[in-house]
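Input: a single structure, listed below in structure tokens.
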Amino acid sequence: MTTPVAAYAAPAAKAPLERTTIERREVGAYDVLIDIKFAGICHSDIHQVREGWGESIFPMVPGHEIAGVVSQVGPGVTRFAVGDRVGVGCMVDSCRTCEYCKAGLEQYCVEGAVMTYNAIGKDGQPTHGGYAQKIVVDENYVVRIPDGLALDKAAPLLCAGITTYSPLKHWNAGPGKKVAVVGMGGLGHLGVKIAHALGAEVTVLSQSLRKKDDGLKLGADHYHATSDPATFEQLAGSFDLILSTVSAPLDFGAYLGLLKTDGALVNVGAPEEPVSLNLFSLIGGRKTLAGSSIGGIRETQEMLDFCAEHGIGAEIELIAASEINEAYERVLASDVRYRFVIDTATI
């Protein structure tokens, strides 16, 4: 037996989102029913609603930054109880048997992780995300939100937080390391906070100095405008790690020039357009151009615990569900500081 749930969905590609009703599956033996309290709006929601990354599944209920409270558990559930504060990020299942799943890297599942929305679940049905009042998820893909984190400010951590935390940890950001964060948006502002808390010397590289005061307040030690050609001359060979959080194509050659020998430029933004690169930018300095996805379930929990310990939450603008379409336009115009979060009680 399925359960009808109020949600906001895009009925077709590029169509405005509208209020609707979806069906959530019956709570199975190892499932958790979550009353969603808050859902963040990620730029990737917009990419997928507008088919910027390829063909999508409609109608689509976006949302993979989900924070809520457990309202029911299946008889086999051991990790959670009714009343627990929990989160769901970008994936809700994976094969569980490949080398990556066994290593806690479910995001790199050989068979492909089942994403929280715009995917087909193991039951053959489309998955629907967090722009809704309830969701049913296998307990193995649910994480606990520590009491020290407010649910609304924690929601964006389930994508933006782990997307920046994972590469910062993997490439050893910490004391003695110089880290640059490209972009001061939904991902970038959390990258700054997390890199600072890890102990790195943090520089923001943004198109303009418009957000400089915010960047310094959030933990950046330096802030430079990439629209100024002098920035690339002044900072040449400066960084151990550059984390690019923007979804627009970059001149990767120019940014690779900012790395020290053996430095890494890690891209977590996903531009819709292809980019070009002169390989001499890599060869001359044994530099690395890399990509990073989200994190596995274990690392996502680690990230949440780290953020609670260091008092890190997203800087948010809380909106009603009726404002989602306006929020999408404002995200595209870079008019948000720094993450829209939907109060799902308004759906």
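The values are calculated or read from the model by the stated rules, or taken from the named source; none is laboratory data. Keep in mind the model is a prediction, meaning the values are calculated, not measured. Don't worry about glycine lacking a Cβ; one is built from the backbone with ideal geometry, like all the others, and counts go over all protein chains shown.
Tabulated data for the structure shown
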{"read-out": "Which listed residue, of CYS95, CYS90, CYS101, is under 19 Å from GLN133 (Cα atoms) and touching a Cys at 6+ places or on another chain (Cβ under 9 Å)", "value": "CYS90"}
{"read-out": "Pair list, Cβ < 6 Å and 6+ apart or interchain, from region 95-119 residues that are crowded, with 19+ Cβ neighbours inside 10 Å to residues that are among the acidic types (Asp, Glu)", "value": "ALA113/GLU106; VAL114/ASP93"}
{"read-out": "From ALA12, ALA29, ALA39, ALA7, residue being in a loop (DSSP other than H, G, I, E, B), touching a Phe, Trp or Tyr at 6+ places or on another chain (Cβ under 7 Å) and of a type in the set (A, V, I, L, M, F, W, C)", "value": "ALA12"}
{"read-out": "Selection status of GLU51, surrounded by fewer than 19 Cβ atoms within 10 Å (Cβ to Cβ), at positive phi and of a type in the set (Asp, Glu)", "value": "yes"}
{"read-out": "LEU265 being surrounded by 22 or more Cβ atoms within 10 Å (Cβ to Cβ) and either acidic (Asp, Glu) or over 17 Å from the mean Cα position of the chain (by Cα) (or both)", "value": "yes"}
{"read-out": "Among the candidates ALA270, ALA308, residue that is at negative phi and either out of contact with any helix residue (DSSP H, G or I) (no Cβ under 9 Å at 6 or more places or on another chain) or assigned by TED's automatic domain parsing to the domain that holds TYR255 (or both)", "value": "ALA270"}
{"read-out": "Answer from LYS260, LYS217 - the residue that is of a type in the set (Lys, Arg) and touching a residue at least 12 places away in the same chain (Cβ under 8 Å)", "value": "LYS260"}
{"read-out": "Listing of strands (runs of 3 or more DSSP E) fully contained in region 44-110 that carry 3 or more residues being under 24 Å from ARG339 (Cα atoms)", "value": "66-73, 85-88"}
{"read-out": "Boolean, ALA180 is more than 15 Å from the chain's Cα centre (by Cα), of a type outside the set (Val, Ile, Thr), in a strand (DSSP E or B) and at pLDDT 95 or above", "value": "yes"}
{"read-out": "Number of positions in region 54-69 that are surrounded by fewer than 21 Cβ atoms within 10 Å (Cβ to Cβ) and closer than 13 Å to ILE36 by Cβ", "value": "1"}
{"read-out": "Elements of type strands (runs of 3 or more DSSP E) in region 280-347, at least 1 residues being among the acidic types (Asp, Glu)", "value": "316-320, 339-343"}
{"read-out": "Within region 120-165, considering residues that are assigned to a loop (DSSP other than H, G, I, E, B) and polar (S, T, N, Q), the one surrounded by the fewest Cβ atoms within 10 Å (Cβ to Cβ)", "value": "GLN125"}
